[in-house]
Amino acid sequence: MPALAEVEAIAAMADPVVRNLRITQCYAELSRAFAAALPGGANWCTFATWASKQAGRSIRAEDVALALESRLKKAAGLNEVFQQLKAVLGLDRESIIREVAKLALRMGGIQRSSAAVAEGNVKVFAEIGREFARSLEVIGSGGTEAAWGHFLGSMRGGDPPEGQSLLVQAFGHYRKAMSEEGAARGERLLTANLLIGFHEQTRLQPEIQRALDEALLPHAILEQHVYEAISGKLSWLPRIWSWFSPAREILLRKAAKVVAAEVVKLARMVVTDQMMSIEFPGGRQLQLGHDVQRPFPESLAEAHLPELRELLRRVDPTPDSRQGSGARDWADFRERMHFITDLFRAWQEEPALFGDPFSAAQVAAIGLGRRPAGAL
């Protein structure tokens, strides 16, 4: 069971990549420890494990250059200019696109987007992961009335983003769920999970917005770099000719402008696509822009708990239905919460979510502060 000191040490790590791996593994351990005290379904840390693992892909900018290259190769808007480059200067489309994709990754926009995701990842863990570790200390000490009172009373009053009133309510529901069974416990769990989700997403709003906005590369600077990349593909004789041929120089500048504009557009799309998916155990890939496909379990098909019904009224425009749950714009808080609400509800009773996010060998490497080999 992760101790409070471990959570605080992980949150203080400087390397965003290794820190994210430690956060993901710690969430998995917190999830299992909390479920041992409160069995019956997934807790918030259970879902946070897989959300953090997905965030790691954005933090590492994993496969961004390859995804951008793939989209650029298929971009119909580039066909004409590349036909001209081939006909006039003999330049190959694929080699230019490969170079431009690598260039975009070095330009800084994608790195700034990754940094925003990393900031959000540790921001939430340092707060909510800490409270789960503290709650486990309370449970481990016997869970007396006084201990729970001290724990809940130590949190900040007021609404998020600064206040922690939703966390106080959530852990209050977790505590009550420990004395309930069956569907009643399930509804308490869901209520607590959603309250923490509401708090978390309110806190994350600036980082999510920035992660999407930062993916937009500076057009003018990018255009010059693209021009240099295309010119660099010319052999020495055509390059000299272009210096003395206004028509060829115009073509190079036009190509740089068109390609840069496409890169700016597609870079955000690639980053958005990466942010708007989550992979659950068994390779089950969920697209956040699509409605939740998994039906609600029978025990959660209808909400009976008054607090749950009231919460669903606030966060779910289509209560008791998954219709319209897909989030078209992940930066839109209401759309994001609608999806998360139905996701939590549909997957709460899935045992596979308690699986390991990494192999034993990878966990050992992560524990030593290293980035492990293999797919992460």
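Note on the range 184-231: residues that are β-branched (Val, Ile, Thr) and at pLDDT 95 or above amount to 3. Per the listing Leu105, Leu21, Leu66, Leu85, the residue uniquely more than 13 Å from Phe125 (Cβ to Cβ), in contact (Cβ under 8 Å) with a residue 60 or more places away in the chain and of a type outside the set (Ser, Thr, Tyr) is Leu85.
Within the range 2-19, the set of residues being assigned to a loop (DSSP other than H, G, I, E, B), within 22 Å of the chain's Cα centre (by Cα) and small (Gly, Ala, Ser) comprises Ala12, Ala14. The set of residues in the range 360-376 being within 21 Å of Gly283 (Cα to Cα) and loosely packed, with under 14 Cβ neighbours inside 10 Å consists of Ala360, Ala361, Ala373, Gly374, Ala375. The lone criterion from (1) assigned to a helix (DSSP H, G or I); (2) surrounded by fewer than 18 Cβ atoms within 10 Å (Cβ to Cβ); (3) over 20 Å from the mean Cα position of the chain (by Cα); (4) not polar (S, T, N, Q) left unmet by Pro39 is number (1).
For the range 318-349, residues that are farther than 25 Å from Ala211 by Cβ and surrounded by fewer than 21 Cβ atoms within 10 Å (Cβ to Cβ) total 7.
Residue-wise test of (1) modelled with pLDDT of 95 or more; (2) surrounded by 19 or more Cβ atoms within 10 Å (Cβ to Cβ); (3) of a type in the set (D, E, K, R).
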residue	(1), (2), (3)
Trp50	yes, yes, no
Asp63	no, no, yes
Ala76	no, no, no
Val124	yes, yes, no
Ser135	yes, yes, no
Val138	yes, yes, no
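For the range 275-288, the condition of being surrounded by 15 or more Cβ atoms within 10 Å (Cβ to Cβ), touching a residue at least 60 places away in the same chain (Cβ under 8 Å) and either at positive phi or more than 15 Å from the chain's Cα centre (by Cα) (or both) holds for at least one residue.
When Lys102, Lys123, Lys86 are screened for being within 25 Å of the chain's Cα centre (by Cα) and more than 29 Å from Ala9 (Cα to Cα), only Lys102 passes.
Screening the range 52-61 for residues that are touching a Ser or Thr at 6+ places or on another chain (Cβ under 6 Å), on the phi < 0 side of the Ramachandran plot and not polar (S, T, N, Q) and picking the one that is surrounded by the fewest Cβ atoms within 10 Å (Cβ to Cβ) gives Lys53.
Highlighted here are the helices (runs of 4 or more DSSP H) found entirely within the range 268-376 that include at least 1 residues which are under 30 Å from Glu6 (Cα atoms) and hydrophobic (A, V, I, L, M, F, W, C): 333-347, 360-367. Regarding the range 242-254, can at least one residue be identified that is buried (at least 18 other Cβ atoms within 10 Å of the Cβ) and modelled with pLDDT of 80 or more? Yes, the conditions are met somewhere in the range 242-254.
Of the listed requirements (1) buried (at least 18 other Cβ atoms within 10 Å of the Cβ); (2) without any contact (Cβ under 8 Å) to a residue 60 or more places away in the chain, Leu190 misses just one: (2).
Of all residues being free of Cβ contacts under 8 Å to residues at least 60 places away in the same chain and closer than 11 Å to Val264 by Cα in the range 214-224, which is surrounded by the most Cβ atoms within 10 Å (Cβ to Cβ)? Just the residue, please. The residue in question is Glu223.
The values are calculated or read from the model by the stated rules, or taken from the named source; none is laboratory data. Model, not experiment: these values are computed from the prediction. All Cβ positions, even for glycine, are placed from backbone atoms using ideal geometry, and neighbour counts span all protein chains on display.
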